[in-house]
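Computed from the coordinates by the stated procedures, all read-outs in this text should not be read as laboratory data. As the structure is a computational prediction, the values presented were derived from the model and not from experiment. Glycine also receives a Cβ, built like all others from the backbone with ideal geometry; neighbour counts cover every protein chain displayed.
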Amino acid sequence: MGVKASLRTSRPGATPAMSEDSPLAVPYPAVSRKKVTAAFDGGRLSSNSGVLLLGIAERRRGLAKTLAALIADRRHPAHITHTLEDILKGRMLAIACGYADGNDFDWLRSEPAFKIACGRLPDTGDDLCSQPTISRWENAPTLKEIIRLTYALVDIWCRSYKTPPASVVLDIDDTLDVVHGHQKLSEWNAHYDERCFLPIHVYDTATGRPVAIILRPGKTPSGREVRAWLRRLIKRIRGHWPDTRITIRGDSHYGREEAMRWCEANSVDYVFGFAGNTVLDRLVEPEADDIRVRRAEGQLAALRGFAETRYAAKSWARERRVVARIEASASHEDDMLRRGLDIRYVVTSLTKGNAEYIYATLYCARGQAENLIKQHKAQLASDRTSCRSPLANQMRLILHTAAYWLLLDVRDCVPSWHPLRQSEFASIRLALLKVAGRFVETASRIRVALASCCPEAELFSMVAFRLHTTAP
């Protein structure tokens with residue numbers, strides 16, 4: 001279209017465009033016979049103005065300060081340009097806004113919205129830290145410091161309650177994290193047909209809050225490993241809430257004798273999935289046959305029922321309560337192996353509640369934990385565990401979990417009647433964080449002119465007000 005364009009010679013966004021620079025022009029067709037001209041010469045604009053909300057949320061909960069206090073800073077005080085708290089804060093805010101790579105700080109470090117969110121002036125203030133600084137500090141913490149940081153996540157979750165709850169249900173599950181090389185702890189997993197990690201995620205599903213994220217090898221956890229993780233986790237929680245009733249919920253990976261025996265000895269309830277066998281099938285056969293017959297007589301597509309029994313596997317030291325979900329369906333009627341049935345089992349220490357409540361209401365609710373894991377992985381890119389050192393990869397999981405907390409705090413300040421209150425983080429990011437704004441710094445103030453046509457302007461103001469006035 002005959003439009004000439006040339007790139008600026010200075011680093012994009014580092015300083016306002018100089019008068020001798022030639023901004024990059026954008027060709028565009030005429031509209032209603034009027035020529036359209038577009039160029040990147042609008043001044044100090046940002047498309048991430050919603051990071052100011054995250055900045056308020058971070059100061060409110062003090063995540064960066066809490067984590068930075070657990071890492072030894074061995075630099076000489078006279079040579080420090082970026083404090084450890086500033087480095088961690090900038091990384092958390094970037095992850096929450098969708099910038100999962102440290103390389104993004106090549107330009108984010110001079111972005112006005114991020115500078116204000118990190119407590120720096122947009123024009124005259126120093127730029128944020130660079131990508132090499134971020135990478136260096138992701139690899140800096142020692143094993144003892146990583147352990148303290150991981151425990152700090154549990155402490156942050158406990159402090160999120162104003163008073164100790166009477167009871168909590170914690171969902172524990174592992175998830176596939178495909179590696180991109182031969183990192184330490186990575187192993188070949190035949191089930192997934194991948195070389196991977198299988199980090200453990202623990203969530204308070206009722207509130208959607210993360211409790212702990214732990215990097216581990218790419219193999220199914222053994223009973224001794226599960227017991228060890230549960231012992232450390234519960235001990236930390238008991239330090240805050242000695243009288244709270246705790247229930248652990250997980251799939252059959254965690255229904256191991258060592259874990260169940262430890263829970264029973266330490267007053268911790270559990271509901272674990274359990275793989276069926278012919279012995280269990282015989283124990284629930286009367287109820288299963290009744291459901292199968294009633295479905296056939298009523299010519300129903302499917303009929304579901306529940307049963308329970310006492311059972312002790314050979315590896316168990318005692319009998320335990322096992323609940324069965326039995327479903328007869330027409331599609332399985334001719335299946336000689338299934339005998340027209342689909343039976344799923346769970347083993348539990350709970351004595352109250354009938355079989356239907358234990359399975360359909362309590363155990364099936366753990367499906368929400370899988371949604372939370374997907375948010376952690378897909379919408380916060382927490383599977384970017386590409387460092388060779390497992391300590392650095394665990395540090396990344398900690399930072400991504402801190403970013404999860406920031407987005408969760410912003411969402412919790414959305415009014416209950418608004419659809420965004422129940423939305424995923426990607427929707428929160430699109431509606432409240434990716435907001436255009438112009439940043440003008442004068443001698444006495446900083447003015448942020450947000451987009452007048454922002455569809456969620458009223459909600460943006462309401463969330464900012466709530467973050468300012470409510471306690472975490």
- [ ] Quick one: check the C-alpha center-to-center distance for segment 225-296 versus segment 17-80, whole angstrom.
- [x] 49
Open item on the list: Could you give the length gained by full extension between ILE446 and ARG74, i.e. 0.36 nm per residue of separation minus their alpha carbon distance, to one decimal place?
Closed with: 130.4 nm
TODO: Sticking to Cα atoms, compute the Rg of segment 146-379 to one decimal and its Dmax as the biggest Cα-Cα distance, whole number, in Å.
DONE: 19.5, 61
Task: Karplus (6.51, -1.76, 1.60) ³J(HN,Hα), θ = phi - 60°, over segment 324-329, in Hz, Gly and Pro reported as x - done: 10, 9, 10, 10, 9, 9
Open item on the list: Could you compute the net charge surrounding HIS182? Neighbours are other residues with a C-beta less than 10 Å from the C-beta of HIS182; K and R count +1, D and E count -1.
Closed with: +3
TODO: Name the residues whose placed amide hydrogens come within less than 5 Å of the amide hydrogen of TYR192, ignoring near sequence neighbours (fewer than 5 apart) on the same chain.
DONE: none
Task: Partners for LYS314 among aspartates and glutamates (Cα-Cα distance below 15 Å; same-chain residues under 8 apart left out) - done: GLU257, GLU258
Task: On Cα atoms only, tilt of 457-469 relative to the major axis of the chain in degrees - done: 80
- [ ] Select from PRO390, LEU63, ALA431 the residue farthest towards the positive end of the dipole of the chain; place +1 on Cβ of Lys and Arg, -1 on Cβ of Asp and Glu, and compute about the Cα centre.
- [x] LEU63
Task: Simple spin-label estimate for ARG339 and ASN354 in nanometres, 7 Å along Cα-Cβ - done: 2.4
Open item on the list: Order these by the 10 Å Cβ neighbour count, fewest first: THR133, THR469, THR83.
Closed with: THR469, THR83, THR133
- [ ] Taking 7 Å along the Cα-to-C-beta vector as the label spot, tell me the SER167-LYS184 distance in nanometres, rounded to one decimal.
- [x] 4.3
- [ ] Using only Cα atoms, find the angle between the long axis of helix 223-240 and the longest principal axis of the chain, and express it within 0 to 90 degrees, rounded to the nearest 10.
- [x] 60
Task: Reach of LYS184 by Cα under 29 Å, taken over lysines that are not fewer than 8 positions away in the same chain - done: LYS89, LYS144, LYS219, LYS235, LYS374, LYS377
Task: Degrees, to the nearest 10: 84-96 long Cα axis against longest axis of the chain - done: 70
